[in-house]
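Undergrad: Below you will find the structure I want to go over with you.
The values are calculated or read from the model by the stated rules, or taken from the named source; none is laboratory data. As the structure is a computational prediction, the values presented were derived from the model and not from experiment. Every residue, glycine as well, gets a Cβ built from its backbone with ideal geometry; the counts of neighbours run over all protein chains shown.
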């Protein structure tokens, strides 16, 4: 009897922690949708890539780190990023239509879902290590800066093939 | 009878399919070093034009002597080709022109006839593109530190408008060589340049291609643009035609005298009524036909420059 109670308790604790985790993930996704992240240039990437630092917010640092990848791709498509004035140049967003996210919701929802296609175009350049100065406690949550590399050429080709953005030679 | 009907339907179907997939005329783009860069690096030719010293860029010598120029242009060409928009190479264009001139000089028919080339034909034989990507860079040095100031301007060859731009100074470096700094600059700026170029193309697909049309007259013609037809001056007749045929009636008459009219910012459709892709010449051809017909019956000559400029000279062929 004791064993059964213990098993049930353990299961309850496990499911509660999973629920809390997914709740935090959902919160982080909502922050992405609400553009609650910052991107800055972190250097000139190799051919076909952008090297950027993404600042994400979450109560759990691990979620902020994983969300950084999603925010990076989201930002490059819709937001663009600023330069640092020391040789790093700012970049405009890939799409010129500010309403494209709403208009092409059928494409972007599965694209940005957990483990979605966006993962194909982004990688962490520091293997998940975050510099102490890039980990800040702001109120009840953390603001974490992660350097990621985004394969912008491959991302652009994918968006062009899906008809989300126009290629330079489309129509000619 | 049934066979003939089937054939007619098949032909009509093929025609419809081919017209529905008609593509607009693609502009050519070429990277050209700017006059400022050529002047700073000593690639200029100087000649005396009736007492005035005139300097013009010596592109051929720049391509033959400056390896850095080749590196940047090759990098930009490569990046643009990757974006699905291969560029015209200026160095190759210059070589093609030279070999074509030599071939024309040697070409004769079996009866000994040579190839005809008017002075205007000769004048038009220059390396050209519809859009010029004008490239400038300067090397900044502060002690051992080096950085590159890089500017890329997209200029429409016909309207003279700057349709795209990207400029900035690269990260200063103690060790990197100039070609590396230049390559980095090209990588850092090409995307912003392409975003503005894409905006220009989007605008073109939405509002039509922007061109320039000039109407002039030969001195042998007795009439002029003030000649009246049914109480209306010829210049007004042409303006009415422009308003009726340009996209949303968009054009501006920049200059008008009895001898010439200059139409700028003329927005023309990318396709004619049959679905065929047209450029400035195709558009001006319709005006040419209109002027040839009664009540005007004015013989005229049509010349063109690339996709975006056409000239109609009234009075003769």
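Undergrad: So residue B:227 fits all but one of (1) buried (at least 16 other Cβ atoms within 10 Å of the Cβ); (2) touching a strand residue (DSSP E or B) at 6+ places or on another chain (Cβ under 6 Å); (3) in the same structural domain as residue B:282 (by TED's automatic domain parsing); what number is the exception?
TA: (2)
Undergrad: Still on this structure, please answer the following. Could you look through the range A:143-172, keep only residues that are more than 17 Å from residue B:195 (Cβ to Cβ) and touching a strand residue (DSSP E or B) at 6+ places or on another chain (Cβ under 6 Å), and pick out the one that is surrounded by the most Cβ atoms within 10 Å (Cβ to Cβ)?
TA: This residue is A:146.
Undergrad: Return the residue satisfying two criteria in turn: it lies in the range B:178-222 and is surrounded by 21 or more Cβ atoms within 10 Å (Cβ to Cβ), more than 9 Å from every other protein chain (Cβ to nearest Cβ) and within 18 Å of the chain's Cα centre (by Cα), and of such residues it is farthest from residue B:31 (Cα to Cα).
TA: Out of the qualifying residues, it is B:213.
Undergrad: Would you check if there is a residue in the range A:101-117 being at pLDDT 85 or above, crowded, with 18+ Cβ neighbours inside 10 Å and within 14 Å of chain B (Cβ to nearest Cβ)?
TA: no
Undergrad: Output the residue which, of all residues in the range B:168-177 that are more than 9 Å from chain A (Cβ to nearest Cβ) and in contact with a strand residue (DSSP E or B) (Cβ under 8 Å, 6 or more places away or on another chain), is nearest to residue B:144 (Cα to Cα).
TA: Restricting to residues being more than 9 Å from chain A (Cβ to nearest Cβ) and in contact with a strand residue (DSSP E or B) (Cβ under 8 Å, 6 or more places away or on another chain), the top hit is B:174.
Undergrad: Name the residue, out of B:81, B:102, B:93, that is away from every other protein chain (no Cβ under 14 Å), part of a helix (DSSP H, G or I) and out of contact with any strand residue (DSSP E or B) (no Cβ under 8 Å at 6 or more places or on another chain).
TA: Matching residue, one of B:81, B:102, B:93: B:102.
Undergrad: Then there's this: Going residue by residue through the range A:135-151, is there one that turns out to be in contact with a helix residue (DSSP H, G or I) (Cβ under 9 Å, 6 or more places away or on another chain) and either closer than 30 Å to residue B:130 by Cα or in a helix (DSSP H, G or I) (or both)? Spell out how you get there, then give the answer.
TA: Within the range A:135-151, the subset in contact with a helix residue (DSSP H, G or I) (Cβ under 9 Å, 6 or more places away or on another chain) is A:135, A:141-151.
Then drop every residue that is not either closer than 30 Å to residue B:130 by Cα or in a helix (DSSP H, G or I) (or both), which leaves none.
Within the range A:135-151, not a single residue is in contact with a helix residue (DSSP H, G or I) (Cβ under 9 Å, 6 or more places away or on another chain) and either closer than 30 Å to residue B:130 by Cα or in a helix (DSSP H, G or I) (or both).
Undergrad: Which of the residues that make up the range B:108-121 are surrounded by 10 or more Cβ atoms within 10 Å (Cβ to Cβ) and either touching a helix residue (DSSP H, G or I) at 6+ places or on another chain (Cβ under 7 Å) or modelled with pLDDT of 90 or more (or both)?
TA: B:115, B:117
Undergrad: For residue B:299, only one of the following conditions fails: (1) buried (at least 18 other Cβ atoms within 10 Å of the Cβ); (2) touching a helix residue (DSSP H, G or I) at 6+ places or on another chain (Cβ under 9 Å); (3) closer than 26 Å to residue B:120 by Cα. What is its number?
TA: (1)
Undergrad: Any residue at all in the range B:267-279 that is closer than 16 Å to residue B:158 by Cα and surrounded by fewer than 15 Cβ atoms within 10 Å (Cβ to Cβ)?
TA: The answer is no; no qualifying residue exists.
Undergrad: Is at least one residue of the range B:20-33 part of a loop (DSSP other than H, G, I, E, B) and more than 14 Å from every other protein chain (Cβ to nearest Cβ)?
TA: No.
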